[in-house]
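Got a structure for you, written out below as C-alpha cells; questions coming shortly.
The values are calculated or read from the model by the stated rules, or taken from the named source; none is laboratory data. Owing to the predicted nature of the structure, the values given are computational and were not obtained by experimental measurement. Here the Cβ positions follow ideal geometry from the backbone for every residue, glycine too, while neighbour counts run over all protein chains shown.
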Amino acid sequence: MKKLIKGNIALCEGAIAAGLHAYFGYPITPQNEIPAYMSKKMVELKRVFVQAESEIAAANMVLGAAVTGKRAMTSSSSPGISLKQEAISYMAGLQLPSLIVNVQRGGPGLGNISGSQSDYFQAVKGGGHGDYRLIVLSPNSAQEMYEFAYDSFDLAEKYRSPVMILTDGIIGQMMEPVEFNKSEKKDFNDKNWVLTGCKGRQPRSVQSLLMKDGVLEKHNINLQEKYKIIAKNEVKYETFMTDDAEIIITAYGISSRIAKSAIKLARKEGIKAGLLRPKTLWPFPSQIIDSLAKKGTKFLSVELSHGQMIEDVKLAVNGKAPVEFLGKAGGGIVTEQEILVKIKEMAK
Amino acid sequence: MEKILSKPESLKDSVLSYCPGCGHGIIHRLVAECVDELNLREKTIAVAPVGCAVFAYDYFNFDTTEAPHGRPPAVATGIKRTNPDKFVFTYQGDGDIAAIGMAETIHAANRGENITIIFVNNANYGMTGGQMAPTTLIGQVTETTPFGRDPKREGYPIHLCELLATLEGTTYLERVSIYNPQNIIKAKKAIKKAFQCQLDGKGFSLVEVISNCPVDWGMTPLDSIKWTEETFIKTFPLGVIKDKTNV
C-alpha cells in the first residue's frame, strides 16, 4: 500500500528500515523534516537521536558512531554541508561507512531556502581536503529518497566509504505516494576494523594520520584502487527514449522530472529527444554518454545551477558531440516550456 | 628480587615522541594505571586529539580513534551514545579543547554526556611550536605573543573548569598538576574518580592536568617544573572545582 508523504520523510523511513542506529542533526531549511521526524521516530524505536550544537559536531558524532560499526547518518542543507566537510574528509580518510544527506538550497553563502542544484561540484569533486571521492546518489522522487537511503548503508559498508545523497529542497518537500517495500535490516556485523574494546584481540586504532615514510602515499593508492572498483561496479542511471534520440538531455534529481515532461512535448512535435539521468553522480555514467556521443547525438545539460554537471558530461563526450546548457540557480526553476524552446533551437 | 612495579598493561612498549621533560609521559602513565586498576582496558574506546597527543594511539594499548582538531567530545558523544556499555574518554590539549573545540566541549558537558575528558593544560600549542593557547598566562611569551600575552590584544586565560562548573550537565571537575610526586598522586586519584564517575553512570567528568612544556617554554625541565609551581598554578589554582558524584 502506498502512502502519501514528503521526500524528506521517505528518506528517513528508508534509513530506518536499513537499520539506522543513530541520527545526528542540526536545524536548517529545507531539510528540517528530517531531524524533526527522527527526533520522534528514533526515540520511539529506542535508537539514538541527538540534536547537535552545530553541523560540525553532528558530522563528528556520525564519525564516532561509525568508528564502532554502527549505522549512522546526518543531514543538512547546503551551508550546513560546507561545515560538515571537515568530518567528511576525515571519514573518507578513515574509511568509515556513513550517510550524509544534502537537501540542497540556493547559494553561495547563506543564499536562500529554495531548492537548488548548486552543490554538485562540492559533492562529486571532493568538497573537503585531500584526494578522495564520495559515492553520490541522486534520487528524483520520494520513492527513490526511500530506496536510495535504504541502499546507501550497504554500499557504504561494502566499500568502507561515506555515501552522500545529493537531493534538493523540491524533492525533499514534495509529497508523493511511496511504497514501503523494503524489509527491516539490522546493524551490520562486526568487521575486522571496528572499535569495540579490545576484548580477546589486539587493540585497534582508526587513523588517517600516517606520518611514516611512504605510508600515506600507499594509503592514497589504496583509496584510488577502491575508487576504481566503485567506478566499475556502481554506476547507475536511467535512460528514457534514448534509442532513437538525436538530442539527449542530461539531468539529475528534480531537473530530470521536468526534462522528462519537456521530452514528451518535443516528441509530440516530432523531435527525437531523450533523457540520460544519472542516479549516481559519482561514479558518473561516462561510458553510456560516450557511446551515445559516438552516435552523433547532441547533448543538453539541464540543471538548477549555472553549469556544474555539464563539465562531467563534456568530459564523457570528449569533443565528439555538441553539449549545450540550460539552467537557473538561486531559486528559479527551469520550466518544461523553456526546455522545449531550447530543444527546438538545437533541432534546427 | 621481587618485582614490585611494572609498566601498565594499558601502555604499549613504543617509545614516546614527547620532548624531554614533557609532562605527557607521566599523564599517559597515570591514565593507563587507572584503566588497568579499574579493569577497563578491554572495554575502552579512547579518542585522540590533534596536538601533541595526536599519536596517543601509538602509546595506549587499547582501542583508539582519531578525531579532527577540537572534535573529540563530539566523536566521543557518537561513540558513547551508540555504545553505552563501553568506557569512553578523550585526551585533549588546551588549544584542542578550549579554542577550536570550545563549542563541542561546552555542549557535550551541557548534555551531561557520560564520558570523561583528560585535559592537559600546558599553556601553549606544543605540537606546532609553542603558539599562544587560550590558557596562555598574561605576559607569557609564546611564538605568537613575542611581547607577552597582552589582555588588551589577546584577552585572558580561559579557566575551563570554572566555566564548565556553571553548567548543570557537569558532574565532576577537578584541576590537578604533576610537578611533584605529591601532586602526581593527587592527579591519579582525580583521574580514577573521574573514570569511576562514568562507570557509575553519573555523567560528564573532566580532569584538567596542569603540565609543563619545557622545550616550547624555552626552559630546562627543572625550570619548567619550578615555573609550574611558582607561576602557572597561581593563575590556575588546583583543587576540586565541582563534585556532584555523591548527589
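Can A:L4 be described as of a type outside the set (D, E), more than 20 Å from A:A123 (Cα to Cα), away from chain B (no Cβ under 14 Å) and in contact with a Pro (Cβ under 9 Å, 6 or more places away or on another chain)? Spell out how you get there, then give the answer.
Details: of a type outside the set (D, E): yes; more than 20 Å from A:A123 (Cα to Cα): yes; away from chain B (no Cβ under 14 Å): yes; in contact with a Pro (Cβ under 9 Å, 6 or more places away or on another chain): yes.
Considered against the rule, which asks whether it is of a type outside the set (D, E), more than 20 Å from A:A123 (Cα to Cα), away from chain B (no Cβ under 14 Å) and in contact with a Pro (Cβ under 9 Å, 6 or more places away or on another chain), A:L4 comes out as yes.
Kindly indicate the residue of segment A:67-93 that is of a type outside the set (S, T, Y) and more than 23 Å from A:I28 (Cα to Cα) and also farthest from the other protein chains (Cβ to nearest Cβ) among those meeting that condition.
Going residue by residue through segment A:67-93, those that are of a type outside the set (S, T, Y) are A:67, A:69-73, A:79-81, A:83-88, A:91-93.
Subsequent filtering for residues that are more than 23 Å from A:I28 (Cα to Cα) retains A:67, A:69-70, A:92-93.
Working: A:V67: 5, A:G69: 9, A:K70: 4, A:A92: 12, A:G93: 9 Å.
Applying the filter and picking the extreme gives A:A92.
Of all residues in segment B:40-62, how many are part of a loop (DSSP other than H, G, I, E, B) and within 7 Å of chain A (Cβ to nearest Cβ)?
The number of residues fulfilling the criteria is 2.
Being within 7 Å of chain A (Cβ to nearest Cβ) and in contact (Cβ under 8 Å) with a residue 24 or more places away in the chain is the filter here; which residues of segment B:82-102 pass it?
Once the filter is applied, which keeps residues that are within 7 Å of chain A (Cβ to nearest Cβ) and in contact (Cβ under 8 Å) with a residue 24 or more places away in the chain, segment B:82-102 yields B:N83, B:K86.
Out of (1) crowded, with 24+ Cβ neighbours inside 10 Å; (2) within 9 Å of another protein chain (Cβ to nearest Cβ); (3) touching a Ser or Thr at 6+ places or on another chain (Cβ under 9 Å); (4) in contact (Cβ under 8 Å) with a residue 24 or more places away in the chain, what's the single condition that is false for B:T65?
Only one criterion in (1) crowded, with 24+ Cβ neighbours inside 10 Å; (2) within 9 Å of another protein chain (Cβ to nearest Cβ); (3) touching a Ser or Thr at 6+ places or on another chain (Cβ under 9 Å); (4) in contact (Cβ under 8 Å) with a residue 24 or more places away in the chain is unmet by B:T65, namely (4).
I would also like to ask the following. Can A:E157 be described as part of a strand (DSSP E or B) and of a type in the set (D, E)? Step through it out loud before you land on a result.
On the way: part of a strand (DSSP E or B): no; of a type in the set (D, E): yes.
So A:E157 fails the test.
Here is a list: A:A15, A:A10. Which entry is more than 27 Å from A:V194 (Cα to Cα), crowded, with 24+ Cβ neighbours inside 10 Å and modelled with pLDDT of 95 or more?
Working: A:A15 fails: more than 27 Å from A:V194 (Cα to Cα).
Selected residue: A:A10, the only one of A:A15, A:A10 that is more than 27 Å from A:V194 (Cα to Cα), crowded, with 24+ Cβ neighbours inside 10 Å and modelled with pLDDT of 95 or more.
Can I ask one more? Answer yes if at least one residue in segment A:204-220 is more than 14 Å from chain B (Cβ to nearest Cβ), in contact (Cβ under 8 Å) with a residue 12 or more places away in the chain and of a type in the set (D, E, K, R), and no otherwise.
no
Same structure again: Go through segment B:10-39 and give me each residue that's buried (at least 21 other Cβ atoms within 10 Å of the Cβ) and assigned to a loop (DSSP other than H, G, I, E, B). Before you say what the answer is, go through the steps one by one.
Of the residues in segment B:10-39, the ones buried (at least 21 other Cβ atoms within 10 Å of the Cβ) are B:10, B:22-24, B:27-28, B:30-32, B:34-35.
Answer for segment B:10-39, where residues must be buried (at least 21 other Cβ atoms within 10 Å of the Cβ) and assigned to a loop (DSSP other than H, G, I, E, B): B:S10, B:C22, B:G23.
Quickly run through segment B:92-109 and pick out the residues that are in contact with a strand residue (DSSP E or B) (Cβ under 8 Å, 6 or more places away or on another chain) and either over 20 Å from B:A46 (Cα atoms) or assigned to a strand (DSSP E or B) (or both).
Hits for segment B:92-109 are B:Q92, B:G93.
When segment B:118-133 is examined, which residues are found to be buried (at least 22 other Cβ atoms within 10 Å of the Cβ) and either in contact with a His (Cβ under 8 Å, 6 or more places away or on another chain) or within 14 Å of chain A (Cβ to nearest Cβ) (or both)?
Matches in segment B:118-133: B:V120 only.
Within segment A:278-348, which helices (runs of 4 or more DSSP H) (wholly inside it) include 3 or more residues that are more than 25 Å from A:G127 (Cα to Cα) and among the hydrophobic types (A, V, I, L, M, F, W, C)?
So the answer is A:286-294, A:336-347.
Does A:K226 satisfy the condition of being away from every other protein chain (no Cβ under 14 Å), in contact with a Phe, Trp or Tyr (Cβ under 8 Å, 6 or more places away or on another chain) and surrounded by fewer than 18 Cβ atoms within 10 Å (Cβ to Cβ)?
Yes.
Right, next: Give me the pairs, please: first residue somewhere in segment A:150-167 and under 13 Å from A:W193 (Cα atoms), second residue anywhere and in a loop (DSSP other than H, G, I, E, B), beta-carbon distance under 6 Å, and either six or more positions apart or on two chains.
Taking only residues 6 or more apart or on different chains, the pairs are A:E157/A:P97; A:E157/A:F188; A:R160/A:Q95; A:R160/A:P97.
Give segment B:72-102 a look and list any residue that's of a type in the set (D, E) and crowded, with 24+ Cβ neighbours inside 10 Å, or say none. Step through it out loud before you land on a result.
Quick first cut of segment B:72-102, residues of a type in the set (D, E) only: B:85, B:94, B:96.
Within segment B:72-102, B:D94, B:D96 meet the criteria.
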